[in-house]
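Peer 1: First the structure, then my questions, so here it is.
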Amino acid sequence: MAKRPGLIYNVFMAKIKTPQQIKTMREGGKILAKVLDLVIKKVKPGITTGELNKYAEDLIKGYGATASFKNYKASWADDPYPAALCVSVNNEVVHGLPDDDRKLKNGDIVGLDCGLKYKGLYTDMAKTVVVGGVSKGIKKLLTVTEESLYKGIRQAKVGNRISDISRAVQDHVEKNGFSVVRQLCGHGVGLSAHEDPQIPNYVEKNLPDIKLAAGMTLAIEPMVNAGDYLVETLDDGWTVVTADGKLSAHFEHTIVVTEKGGEIITK
């Protein structure tokens with residue numbers, strides 16, 4: 001689940017996890033990856049976004065974990081998030097609300113964003129998938145977004161700065177003709193669903209830019225638009241859409257910072 005960036009945050013509050021905490025997060029991340037893979041297998045024309053959400057929640061419970069998105073209260077929303085799974089279709093960037101009456105159709109793209117709490121620790125991940133057949137241009141949007149995620153992850157190494165992650169994502173996205181969303185960002189994760197530091201997908205001089213240290217656990221999540229980077233929030237208070245109505249894709253992994261780069265926990 002993406003974070004809305006604040007103007008400032010406490011640069012000293014990035015939380016270093018212990019080896020035992022990281023081990024537990026690996027366990028939770030493995031469960032989360034299984035859940036999302038199983039949900040993706042259910043994606044087909046005719047299934048409702050509500051059915052996907054129920055399936056995800058049942059799987060999470062079955063693995064002995066808790067759906068961390070359900071009833072999550074964010075500072076920007078009047079009401080808690082009501083579901084275990086964010087399901088964002090086509091021009092919906094993130095935080096789409098599942099609906100028992102909304103059926104997916106051939107040619108849609110759907111972003112599936114899920115988080116869980118396992119033994120007291122949180123992990124978070126997202127993938128965007130196609131429903132049936134789509135054009136080469138749409139496939140390129142998804143491919144570039146996922147590639148940018150892995151380029152960012154490779155920069156999540158000891159001694160680098162947050163801007164190294166951000167620059168890797170932004171450079172790859174923009175050289176391919178797309179734009180990175182700026183009103184939302186990645187974030188620290190582990191002891192809670194959202195922690196400092198914020199992880200923007202673009203570089204700007206006035207953004208906090210702390211050095212990365214071993215044991216930081218981060219949710220890196222490029223959100224990439226086919227058109228302009230501007231977004232809006234619908235009246236439901238949660239669903240973020242592209243301002244120009246064009247498509248958007250979203251990929252995310254929880255990682256731990258190491259000497260060699262980010263180790264993916266959600267795999």
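Peer 1: Given the conditions (1) surrounded by fewer than 16 Cβ atoms within 10 Å (Cβ to Cβ); (2) farther than 18 Å from Val110 by Cα, which single one is not true for Lys41?
Peer 2: The number of the failed condition is (2).
Peer 1: Can I ask one more? Name, by its number, the condition in (1) surrounded by fewer than 16 Cβ atoms within 10 Å (Cβ to Cβ); (2) modelled with pLDDT of 95 or more that does not hold for Gly133.
Peer 2: (2)
Peer 1: Being out of contact with any Lys or Arg (no Cβ under 8 Å at 6 or more places or on another chain) and β-branched (Val, Ile, Thr) is the filter here, so list the residues in segment 168-189 that pass it.
Peer 2: Passing the criteria: Val173, Val180, Val181, Val189.
Peer 1: Looking at Gly50, Gly64, Gly29 in this structure, which one is part of a helix (DSSP H, G or I), of a type in the set (Gly, Ala, Ser) and surrounded by fewer than 20 Cβ atoms within 10 Å (Cβ to Cβ)?
Peer 2: None of the other options fit; the residue is Gly50.
Peer 1: Could you please find all residues in segment 161-204 being over 30 Å from Thr66 (Cα atoms), assigned to a helix (DSSP H, G or I) and of a type outside the set (Ser, Thr, Tyr)?
Peer 2: Of everything in segment 161-204, those that are over 30 Å from Thr66 (Cα atoms), assigned to a helix (DSSP H, G or I) and of a type outside the set (Ser, Thr, Tyr) turn out to be Asp164, Arg167, Ala168, Val169, Gln170, Asp171, His172, Val173, Glu174, Lys175.
Peer 1: Right, something else. Being outside any helix (DSSP H, G or I), farther than 21 Å from Trp238 by Cβ and of a type outside the set (A, V, I, L, M) is the requirement here; does Lys44 meet it?
Peer 2: So Lys44 passes the test.
Peer 1: Conditions: (1) acidic (Asp, Glu); (2) buried (at least 18 other Cβ atoms within 10 Å of the Cβ); (3) touching a Gly at 6+ places or on another chain (Cβ under 7 Å). Asp99 meets all but one. Number of the miss?
Peer 2: The number of the failed condition is (2).
Peer 1: On to the next question. May I ask you to list pairs of residues, at least six apart or on different chains, whose Cβ atoms are under 6 Å apart, with the first in segment 1-28 being farther than 17 Å from Ala74 by Cβ and among the hydroxyl-bearing types (Ser, Thr, Tyr) and the second being surrounded by fewer than 16 Cβ atoms within 10 Å (Cβ to Cβ) and modelled with pLDDT of 60 or more?
Peer 2: These pairs meet every condition: Thr24/Lys119.
Peer 1: Can you tell me how many residues in segment 253-262 are closer than 21 Å to Thr143 by Cα, assigned to a strand (DSSP E or B) and out of contact with any Gly (no Cβ under 7 Å at 6 or more places or on another chain)?
Peer 2: Number satisfying all stated conditions: 1.
Peer 1: Separate question: Under 6 Å between Cβ atoms, at least 6 apart or on separate chains: pull out the pairs that start in segment 130-157 with a residue that is over 22 Å from Leu212 (Cα atoms) and end on any residue that is among the charged types (D, E, K, R).
Peer 2: Val131/Asp108
The values are calculated or read from the model by the stated rules, or taken from the named source; none is laboratory data. A quick note: this is a predicted structure, and the numbers were derived from the prediction, not measured. Please note: Cβ atoms are built from the backbone with ideal geometry, for glycine as well, and neighbour counts cover all protein chains shown.
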